[in-house]
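Okay, so here's the structure we're looking at.
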Amino acid sequence: MSTYAVSYTYTDDVTTRDEVRPSHRDFLRALHADGVVRASGPVDGGTGALVVVEADSADEALRILDEDPFATRGVIAERSVRAWDVVIGGFAR
């Protein structure tokens, strides 16, 4: 397993985002409980998010997050993923 930093940029549809946020957070909490999501939270004043994911590949990290209610309801305008080699701190191996 490797660590990946997945960045979300949200659409301007704040109404849908607010409506879906509880199920989005429940989804990520379940992945966290399974050890897949290491951390998650909003960035840039809530216009996006960073999700730290354990996966075998960048493609798998994105596939895991395809079922995020924010993704299925269309409030993510853009996603990007980067491998993250953590050497210091709580995520270091």
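The values are calculated or read from the model by the stated rules, or taken from the named source; none is laboratory data. Since the model is a prediction, treat every value here as computed from it, not as a measurement. Positions of Cβ are generated from backbone atoms using ideal geometry, with glycine treated the same way; all protein chains shown enter the neighbour counts.
Just the residues that are β-branched (Val, Ile, Thr), under 21 Å from Asp34 (Cα atoms) and assigned to a strand (DSSP E or B), please, taken from segment 56-93.
Within segment 56-93, Val81 is the sole residue that qualifies.
What number of residues in segment 47-58 are closer than 16 Å to Asp68 by Cβ and surrounded by fewer than 13 Cβ atoms within 10 Å (Cβ to Cβ)?
0
Restricting to segment 29-40, give me the number of residues that are closer than 15 Å to Pro69 by Cα and either modelled with pLDDT under 95 or surrounded by fewer than 13 Cβ atoms within 10 Å (Cβ to Cβ) (or both).
2
On the basis of being of a type outside the set (Gly, Ala, Ser), out of contact with any strand residue (DSSP E or B) (no Cβ under 6 Å at 6 or more places or on another chain) and within 19 Å of Asp13 (Cβ to Cβ), does Asp44 make the cut?
Yes, satisfied.
Select from segment 1-29 the residues that are assigned to a strand (DSSP E or B) and under 15 Å from Ser80 (Cα atoms) and list them in ascending order.
Thr3, Tyr4, Ala5, Val6, Ser7, Tyr8, Thr9, Tyr10
Pull up segment 30-50, narrow it to residues that are among the β-branched types (Val, Ile, Thr) and assigned to a loop (DSSP other than H, G, I, E, B), then point me to the one that is farthest from the chain's Cα centre (by Cα).
Ranking the qualifying residues of segment 30-50, first place goes to Thr47.
I'd like the residue in segment 63-93 that is without any contact (Cβ under 8 Å) to a residue 60 or more places away in the chain and among the small types (Gly, Ala, Ser) and, out of all such residues, is surrounded by the most Cβ atoms within 10 Å (Cβ to Cβ).
The selected residue is Ala71.
Anything in segment 13-62 that is β-branched (Val, Ile, Thr) and in contact (Cβ under 8 Å) with a residue 40 or more places away in the chain? List them, or say none.
Within segment 13-62, Thr16, Val20, Val51, Val52, Val53 meet the criteria.
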